[in-house]
């Protein structure tokens, strides 16, 4: 009887140990990309302040020692010791590149309520140019070379201007995000 109990116990132990593990629960699906802000809000919140960090490198060396008391004011000064200097410039450049993804999320509206012109080839080209400008600025920031940053600043400025000249610089706010031919046909 003892050997029968031992055999049954050993069989149960082997069966329990050799059972396949239950399949892991599927990972939750990533949230679908959806806009939470107008195009103007995205532009004012991300590329505007970050492009100014890049432009500032034309006159200020991010790696230079800061003067106590003079450079410790302002809304972002408390974070300079964490992500300041050249790392701040690198992060700003990456934010510029990522903005291209954000402005192409379907459903985003312009400040005047018009849809962002995602279907237009020129807008797609401008968004790609913004991503490329951010990547160029990132590479320049990694080099910590001020001359390279001057060139990258021009690239960022040109990328912004290309789109602004067509879609933003309108005498009337209601005409923003309207292609030139459509604005003239009104």
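In whole angstrom, note down how far apart the Cα centers of region 133-182 and region 30-49 are.
Between the Cα centre of region 133-182 and that of region 30-49, the gap is 17 Å.
Subtracting the Cα-Cα distance from 0.36 nm times the residue separation, let me have the gained length for residue 174 to residue 83 in nm, one decimal. Don't jump to the answer; show the numbers that get you there.
Details: separation 91, 0.36 × 91 = 32.76 nm, distance 3.89 nm.
In short, 28.9 nm is gained.
Expected output is a single nm value to one decimal: the length gained when fully extending between residue 142 and residue 128, i.e. 0.36 nm times separation in residues minus the C-alpha distance. What is it? If you can, show how the numbers build up before the last one.
Details: separation 14, 0.36 × 14 = 5.04 nm, distance 2.12 nm.
Working it through step by step, the gained length comes to 2.9 nm.
Counting other beta carbons within 10 Å of each residue's own, what order do 105, 54 fall into, fewest first? Before the final figure, lay out the partial values.
Numbers: 105 15, 54 28.
If I rank by nearby Cβ atoms, fewest first, I get 105, 54.
Rank these for me by crowding, 46, 103, going from fewest to most other beta carbons within 10 Å. Let's see the in-between values first.
Numbers: 46 18, 103 22.
Final ranking by Cβ density, sparse to dense: 46, 103.
What does region 78-186 give for Rg and for Dmax, in Å, if only its C-alpha atoms count?
Values for region 78-186 (Cα only, Rg and Dmax): 16.2, 53 Å.
For 109, 39, what's the fewest-to-most ordering of other Cβ within 10 Å of each Cβ? Each step should come with its number before you reach the end.
Values: 109 16, 39 23.
Final ranking by Cβ density, sparse to dense: 109, 39.
Quick one: if you stick a label point 7 Å off each Cα along the C-beta vector at residue 64 and residue 23, how many nm between them?
Modelled inter-label distance: 6.2 nm.
Since every read-out is calculated from the coordinates, none of them should be taken as a lab result. All values reported here derive from a predicted model rather than from experimental measurement. Neighbour counts run over all protein chains shown; Cβ positions are idealised from the backbone, glycine included.
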